[in-house]
């Protein structure tokens with residue numbers, strides 16, 4: 001089921017190019033999800049912080065937009081953009097979640113390093129997953145990868161449990177503070193691990209649309225995510241493409 005999500009994400013990734021609108025990417029994602037008999041778990045999602053429901057199947061976040069960007073026919077992708085794609089799928093009663101950030105055309109070296117570091121941090125966090133390990137082990141591994149490369153970790157947004165709902169407990173932060181509740185990992189637990197790193201400072205803020213989260217200092221952001229299960233021997237990345 002989660003590999004269906006990975007296949008959808010890969011198809012949408014290959015459609016990212018200059019002069020394509022973010023609405024076209026959303027329409028493609030929704031079409032692909034329908035073709036496999038699934039439902040877009042983001043469309044119609046009601047969040048505690050927003051007055052309305054999310055209107056699309058796909059979040060498309062550009063450059064300084066960290067997450068939850070709203071697709072629009074008026075937003076065309078340009079050379080040099082970083083395009084964040086975040087999509088959720090409901091299939092036969094179960095939920096998966098996946099995100100990636102795609103460079104378009106000529107992208108600067110700093111931005112490319114941000115992308116590779118964020119993607120590497122996702123894997124370093126996942127590698128901490130095993131029975132008896134804790135949420136803090138994941139968070140510390142992700143934070144270490146950001147800070148040794150001089151990037152900042154978004155602190156207001158976190159990963160989460162996923163499975164029977166799009167968002168479940170526990171929260172999975174991408175940095176660690178000793179005041180956070182920690183949790184020992186156990187087989188059967190399914191987590192959405194999703195580091196979000198910025199070229200500039202970590203604070204972010206919500207736009208007037210009630211959904212789009214941007215960096216406060218207008219710096220570029222990157223976001224990668226996998227749905228991962230805790231197994232008896234360690235972990236399995238459920239959204240790993242075939």
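Give the residue that is nearest to the chain's Cα centre (by Cα), with candidates limited to residues of region 147-165 that are assigned to a loop (DSSP other than H, G, I, E, B) and in contact (Cβ under 8 Å) with a residue 60 or more places away in the chain.
In this case the residue turns out to be 157.
Being surrounded by fewer than 19 Cβ atoms within 10 Å (Cβ to Cβ) and either in contact (Cβ under 8 Å) with a residue 60 or more places away in the chain or out of contact with any helix residue (DSSP H, G or I) (no Cβ under 9 Å at 6 or more places or on another chain) (or both) narrows it down to one of 99, 34, so name that one.
34
Any idea which of 83, 107 is buried (at least 17 other Cβ atoms within 10 Å of the Cβ), in a strand (DSSP E or B), touching a residue at least 12 places away in the same chain (Cβ under 8 Å) and in contact with a strand residue (DSSP E or B) (Cβ under 9 Å, 6 or more places away or on another chain)?
Of 83, 107, the one residue that is buried (at least 17 other Cβ atoms within 10 Å of the Cβ), in a strand (DSSP E or B), touching a residue at least 12 places away in the same chain (Cβ under 8 Å) and in contact with a strand residue (DSSP E or B) (Cβ under 9 Å, 6 or more places away or on another chain) is 83.
In this structure, does residue 25 turn out to be crowded, with 20+ Cβ neighbours inside 10 Å and out of contact with any strand residue (DSSP E or B) (no Cβ under 9 Å at 6 or more places or on another chain)?
No.
Of the conditions (1) at pLDDT 95 or above; (2) in a loop (DSSP other than H, G, I, E, B); (3) surrounded by 14 or more Cβ atoms within 10 Å (Cβ to Cβ), residue 144 clears all except one; give me its number.
Only one criterion in (1) at pLDDT 95 or above; (2) in a loop (DSSP other than H, G, I, E, B); (3) surrounded by 14 or more Cβ atoms within 10 Å (Cβ to Cβ) is unmet by residue 144, namely (2).
The values are calculated or read from the model by the stated rules, or taken from the named source; none is laboratory data. Quick caveat, the model's predicted, so the values are computed rather than measured. So basically every Cβ, Gly included, is an ideal-geometry build from the backbone, and we count neighbours across all protein chains shown.
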